[in-house]
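Scroll down for the structure; my scribbles are underneath it.
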Amino acid sequence: MALPILGLHHVTATVDDAQADLDFCLEGLGLRLVKKTVNFDNHHVYHLYYGDERGTPGTIWTTFPYGNYGVPVGRKGAGQITVTSFSVPAGSLDRWKARLQAQGATVEDVAPRFGEESIIISDPSGLKFELVATNRDERTPWIAAGPEGPGNIDVGMAVRGIHSITMVVRSPVRTLEFMTGLLGYTVVNEIEGRIRMAVNGDLPGRTVDIVHDVNAPAAMNGLGTVHHMAMATATDDDQLRIRQELIRWGCPVTEVRDRCYFKSIYFHEPGGVLFEVATMTPGFMVDEPLPELGRALKLPPWEERYRKDIQAGLQAVTYRS
């Protein structure tokens, strides 16, 4: 039974310093901070959400800044998402390369893949990002207002949203079976060592690349690694259908968790990568109007009584929103 997966919802990573993360995402990539909250499982740590103007699912990149909490540097490898790719307009990569190198970022050229050119960049925590040039992404980008806005990036080069993710497994067989047989993905392209899958069409924001390498080292979560990837589903009922199918397949899955801006369930695919299915609603304007997204520290209702202590323990950060 095909399940109602619409595409990617967000990608979440563990990073080092909160200020460095903000600077890279806002000033480097030109994303918008759409929510400043805390990790609902550890309110001593920020949870920062970036995306387009309103944080539309499929554009959302999120981080847990765990610097100074004793978390070790992670290791990229099998059972993990190793690269998060963002979609940018065709013909803009030279401008991106010059911009990011001028800011001190490491930029690597990579060979064109599946008919698309791209570059790889590293953030201050060691995360790997890919900027993929395409003329197939019609999503409206976030453009900061005014010459002093974060990024100073025009519409001709601005990030449109998440293009795809790259996950590493030692063998693709069971992962392919799981994603095609349960989640509704199809194989849309393949080269040696890499399989591209898509759901609900193959536009940017709906694709997952599976890199398979029997000798890949085991991943270890930590600073500079992706924690999980979330797929989008439209409604609470659709999410419950997916949960029931996961249970029927014998896949351990969490209860539904209220993340205030969406509801979530979590499970591991057979290769070890942590997946989430998140609802499209209610969205980030449930507790802030659109012009003010990301400006104030927002806490879930059950944490409000601890606001004073939470704010006192969080790193002070500055940014332009």
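The values are calculated or read from the model by the stated rules, or taken from the named source; none is laboratory data. This structure is a prediction, so every number in the text was calculated from the model and none was measured. Don't worry about glycine lacking a Cβ; one is built from the backbone with ideal geometry, like all the others, and counts go over all protein chains shown. Ligands, DNA and RNA are excluded from the accessible area calculation, which covers all protein heavy atoms including side chains. Shrake-Rupley method; radii C 1.70, N 1.55, O 1.52, S 1.80 Å.
Starting from the amide H of Val73, placed 1.01 Å from N in the peptide plane, find each other amide H under 5 Å away whose residue is 5 or more places distant or on another chain.
Those lying under 5 Å, H to H, from Val73 are Leu223.
How do Glu27, Glu192, Glu288 rank by accessible surface area computed with a 1.4 Å probe, from largest to smallest?
Values: Glu27 55, Glu192 185, Glu288 10 Å².
Accessible-area ranking of Glu27, Glu192, Glu288, largest first: Glu192, Glu27, Glu288.
Under 26 Å between alpha carbons, and skipping anything fewer than 8 positions from Lys128 in its own chain: which lysines qualify?
Qualifying lysines at Cα under 26 Å: Lys35, Lys36, Lys76, Lys97.
How big is the shadow of the Cα convex hull of the stretch 180-242, averaged over all directions, in nm²?
Values: hull surface 25.0 nm².
Seen from a random direction, the Cα hull of the stretch 180-242 projects 6.3 nm² on average.
Per the helix-only calculation at 222 nm, which mean residue ellipticity applies to the chain, given -39500 (n - 2.57) for every DSSP H run of n ≥ 4 and division by its residues, nearest 500 deg cm²/dmol? Write down the numbers at each step before the final one.
Values: 5 runs with 44 residues, N = 321.
It lands at -4000 deg cm²/dmol.
Above 22 angstrom, tally the Cα pairs of the stretch 1-155 and express them as a % of all pairs, no decimals.
On the way: 5272 of 11935 pairs.
More than 22 Å apart: 44 percent of the Cα pairs in the stretch 1-155.
Would you mind working out the magnitude of the charge dipole of the chain relative to its Cα centre, with +1 at each Lys and Arg C-beta and -1 at each Asp and Glu C-beta, to the nearest 20 Debye? Walk me through the numbers before you get to the answer.
Values: 31 positive and 39 negative charges, 65 e Å.
Dipole of the chain, to the nearest 20 debye: 320 debye.
For the chain, set up a Gaussian network in which alpha carbons nearer than 10 Å are linked by springs, and say which option among Val188, Val88, Val34 fluctuates the most.
Val188
Treating only the Cβ of Lys, Arg, Asp and Glu as charged (+1, +1, -1, -1), what charge dipole size does the stretch 1-69 show about its Cα centre? Round to the nearest 20 debye.
280
Hey, if we sort Asp209, Asp17 by accessible area with the 1.4 Å probe, largest down, what's the order? List each step's numbers first, then the result.
Details: Asp209 0, Asp17 55 Å².
Correct descending sequence by accessible area is Asp17, Asp209.
Looking only at the chain, where both bridge partners belong to it, what percent of the DSSP beta bridges are antiparallel (to the nearest 5)?
Numbers: 53 of 79 bridges.
DSSP beta bridges in the chain are roughly 65 percent antiparallel.
Going from most exposed to least, what order do Ser85, Ser171 have by accessible area with a 1.4 Å probe?
Details: Ser85 0, Ser171 65 Å².
Highest to lowest solvent-accessible surface, that is Ser171, Ser85.
What fraction of the DSSP beta bridges in the stretch 1-93 is antiparallel, stated in percent and rounded to the nearest 5?
On the way: 10 of 16 bridges.
Of the beta bridges lying entirely in the stretch 1-93, close to 60 percent run antiparallel.
If you take the Cα atoms of the chain, find Rg, then find the Kirkwood Rh from the mean of 1/r over all pairs, what is Rg/Rh? Write out the running numbers ahead of the final one.
Values: Rg = 18.6 Å, Rh = 19.9 Å.
Taking Rg over the Kirkwood Rh, I get 0.94.
On the full set of protein chains, 1.4 Å probe, figure out the accessible area of Arg99 and give it in Å² to the nearest 10.
Here the residue's solvent-accessible area equals roughly 50 Å².
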